[in-house]
Every structure is written in C-alpha cells, then in structure tokens.
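Note sheet for the following structure.
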Amino acid sequence: MRATHELLQAQAHIWNHIFSFINSMSLKCAVQLDIPDVIQKHGQPMTLSELVSALPISPTKAHFIPRLMRILVHSGFFARESLNGGEQGYVLTDASALLLKDNPMSARPFLLDMLNPILTDPWQYLTTWFQNDNPTPFHVGVFQGVDSLVDVGGGTGTVAKSIADAFPHMKCTALDLPHVVADLKGSKNLEYVAGNMFEAVPAADAIFLKWILHDWSDEECVKILKRCKEAVTREGKKGKVIIVDMKVENKNTNKESGETQLFFDMLMMVMATGKERNEKEWAKLFSDAGFSHYKITPCLSLRSLIEVYP
C-alpha cells in the first residue's frame with residue numbers, strides 16, 4: 001500500500017508541474033478582464049452575480065467565471081467574505097491589490113509583459129537552445145515560421161549574418177545603399193542587395209528594422225514602413241515587420257534608464273531628423289502606414305521588440 005501511495009503522490013507531483021502554467025494564465029486572464037479593479041471599484045465584497053454582470057464577457061461564458069475565481073482564490077489572489085444573508089462576496093488580497101491599475105507599485109504591466117507570447121513562446125525551444133550556439137532561445141520564438149527575412153539598413157550584414165547562421169533554413173538579405181554593400185560576399189543563405197528603403201524593399205516573410213526608424217522623421221518613417229508593408233504582403237505573403245527601437249515614457253522604466261532614453265531623444269533632435277517615440281507615437285506611425293495591429297515588448301534593456309502586422 002505504501003508503494004502505491006508513493007506512486008500516486010509522485011504522479012500528482014508530475015501533474016502539478018505539468019499544469020502549473022494554468023496559474024499564471026488564469027491570473028493573466030483576470031488582469032485582462034480587470035477583475036481586481038472591478039472588485040475594488042465595487043467598494044464592498046462582490047457577489048458572483050455582481051461580478052459577472054460587471055465583466056466585459058460574453059453571456060455564454062458567465063457560468064465559467066466561478067471556476068476561474070475558484071483557482072484564483074486558491075492561489076491567494078482573491079478571498080471570499082460572508083455577507084448578510086449567508087451569501088459570499090469576493091474581496092482583494094494584498095497580492096491582487098498590487099495588480100490594480102492605479103496602484104503606484106502595480107505589477108500589472110510587468111505581469112502582462114512577462115506573460116506576452118513573445119516572451120513565453122521561446123520557452124518551447126529551450127531544448128533546441130541547449131543543442132545550438134544561439135545566445136538565447138528568445139531569437140527562436142521571434143523568428144518562428146519565418147523562412148525569409150530582409151534586414152533593412154543592414155549595413156555590412158553583422159545582424160543578418162548572425163540570424164542566417166542561427167537559422168540555416170532562413171533566406172536572409174541585408175539591404176543597404178550601393179556603396180555600403182559593394183563587393184560584399186554572401187553565403188548559402190545570406191545575400192546583399194543594393195537598394196533604397198524609401199523606394200522598395202525585397203519581398204520576405206519578415207522585415208527587420210534595428211535602430212533605423214529613430215533616425216528619421218515621422219513622415220520619413222511612414223514612407224519606410226509603407227515599403228516594408230508592401231514587402232511582407234507581396235506575392236501573397238502576410239508577414240510582419242520586426243522593429244528593435246526604443247519606446248519612451250514606460251511606467252516600469254527606472255529613473256536612470258528613462259533619462260538615458262531622453263538623452264537619445266535629444267541626440268536624435270540634434271544629430272538627425274528623428275526622435276525616440278512613446279507608444280502613442282509608434283501606434284500613429286503604424287496606422288498611417290496602413291498596418292492593422294502591433295505588439296510592443298520592452299525586453300532589450302533600453303530598447304523594445306516591436307512586431308507590426310499588416
């Protein structure tokens with residue numbers, strides 16, 4: 001009997017680890033539905049029916065909310081208190097109070113950033129990372145499903161070569177002005193193309209812009225992005241534009257990092273026609289260039305990874 005009990009305990013331990021991701025995904029769901037703020041705004045313990053009525057959900061999903069709340073109560077993010085008449089209402093705990101939008105110490109932005117698929121997908125490639133020479137599995141997730149890539153303003157191909165080496169199946173192209181790429185030799189999956197990003201960008205699954213757009217004015221950026229959109233939608237493709245650049249005015253940026261970003265903005269003002277942009281400014285560029293949606297993930301020190309979709 002003891003052996004059977006220990007075996008069942010071992011099985012339960014494995015299952016617990018297999019399904020532990022459900023904790024973080026359930027918490028992410030609660031935050032995206034604004035459940036902490038809804039309960040806080042209610043001002044007193046909130047009954048299940050009151051909570052369901054206040055949430056932006058489909059009526060067909062209302063009967064699932066008790067199950068979502070049950071696991072979140074179990075995990076310590078909410079608690080239940082008795083009301084007059086014997087009914088119970090949900091209240092915040094210290095943990096969920098840290099997820100309120102207006103809490104100066106809110107962990108909400110950090111939670112949503114860390115559980116963004118851009119940062120969670122690379123974990124699917126941890127084994128592959130141990131078996132290759134990539135510096136981080138992050139690169140694998142970003143380029144998943146990309147068979148061709150153009151590094152716009154790619155210079156002598158430092159970045160494009162790194163990507164080509166990491167992904168031998170991917171056709172990589174470094175696009176830059178004729179005098180920059182003249183006499184440069186490619187490899188099996190890397191080529192150099194002379195051109196002008198304001199005029200045309202070769203077709204590809206993904207267009208890569210690393211520290212390019214901050215050099216240029218809004219009008220010039222829109223022109224570049226329009227050429228990029230043409231490139232990822234040409235030949236029946238529906239790819240994406242990958243941008244590595246700064247997003248300023250981040251709530252979670254510490255004072256020193258934020259100040260450094262502002263220094264860069266002043267540098268762009270004096271040395272070029274560009275600027276460092278906040279999310280609203282980035283969104284306007286993408287909209288003006290005809291893109292439908294985007295994702296911004298602050299994950300590269302002062303810079304962010306931005307994925308833009310047609």
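None of the figures in this text is laboratory data; all of them are computed from the coordinates on show. Since we're looking at a predicted model, the values are computed, not measured. Please note: Cβ atoms are built from the backbone with ideal geometry, for glycine as well, and neighbour counts cover all protein chains shown.
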Within the stretch 186-224, DSSP-loop GluC sites (Glu not before Pro) with at most 11 other C-beta atoms within 10 Å are 199
Rounded to the nearest 10, the angle in degrees between the Cα long axis of helix 21-32 and the longest principal axis of the Cα atoms of the chain comes to 90 degrees
Between (1) 1.71; (2) 1.25; (3) 1.31, the structure-derived Cα Rg over 2.2 N^0.38 Å is (2)
Nearest-0.05 FRET efficiency for residue 50 and residue 177 at R0 = 41 Å, using Cβ-Cβ distance, is 0.05
Per DSSP, the loop-located GluC sites (Glu not before Pro) within the stretch 271-310 having at most 15 other beta carbons within 10 Å are none
Where a ≥ b ≥ c are root eigenvalues of the Cα gyration tensor, a/c under 1.5 meaning rounded, otherwise prolate if a/b exceeds b/c and oblate otherwise, the stretch 197-239 counts as prolate
Among 216, 123, 15, the residue with the largest mean-square fluctuation in a Gaussian network model of the chain built from Cα contacts under 10 Å is 15
Between residue 177 and residues 5 or more places away or on another chain, the pairs with built amide H atoms under 5 Å apart involve 195
If amide H atoms are modeled at 1.01 Å from N in the peptide plane, then the residues at a separation of 5 or more from residue 190, or on another chain, having amide H under 5 Å from its own are 172
Net charge near residue 258 (other residues with Cβ under 12 Å of its Cβ; Lys, Arg +1; Asp, Glu -1) is -2
The pairs in 251/275; 188/275; 238/280; 171/229; 255/295 lying past 26 Å Cα-Cα in this model are 188/275
Length-normalised contact order of the chain, Cα under 8 Å, at least 6 apart, in percent, tallies to 11 percent
Low-density loop trypsin sites (Lys or Arg not before Pro), the stretch 171-229, at most 12 other Cβ within 10 Å, DSSP non-H/G/I/E/B, are 185, 188
Here the relative contact order (percent) of the stretch 4-114, from C-alpha pairs under 8 Å and at least 6 apart, is 25 percent
Rounded to the nearest 10, the angle in degrees between the Cα long axis of helix 255-271 and the longest principal axis of the Cα atoms of the chain comes to 30 degrees
Gyration tensor on Cα atoms of the stretch 1-109, a ≥ b ≥ c root eigenvalues, a/c under 1.5 rounded, else prolate if a/b beats b/c, else oblate, says prolate
With Rg from the Cα atoms and Rh as the Kirkwood inverse mean 1/r over Cα pairs, the stretch 208-269 has an Rg/Rh of 1.09
Rounded to the nearest 10 degrees, the helix 218-233 long axis (Cα) sits at an angle to the longest Cα principal axis of the chain of 80 degrees
Looks like the stretch 196-310, by Cα gyration tensor root eigenvalues a ≥ b ≥ c and the a/c under 1.5 rounded cutoff (else prolate when a/b is bigger than b/c, oblate otherwise), is prolate
Under the Karplus relation with 6.51, -1.76 and 1.60 and θ = phi - 60°, whole-Hz ³J(HN,Hα) for the stretch 235-252, x at Gly and Pro, equal 6, x, 6, 9, x, 8, 10, 9, 10, 10, 7, 7, 10, 8, 6, 7, 5, 8
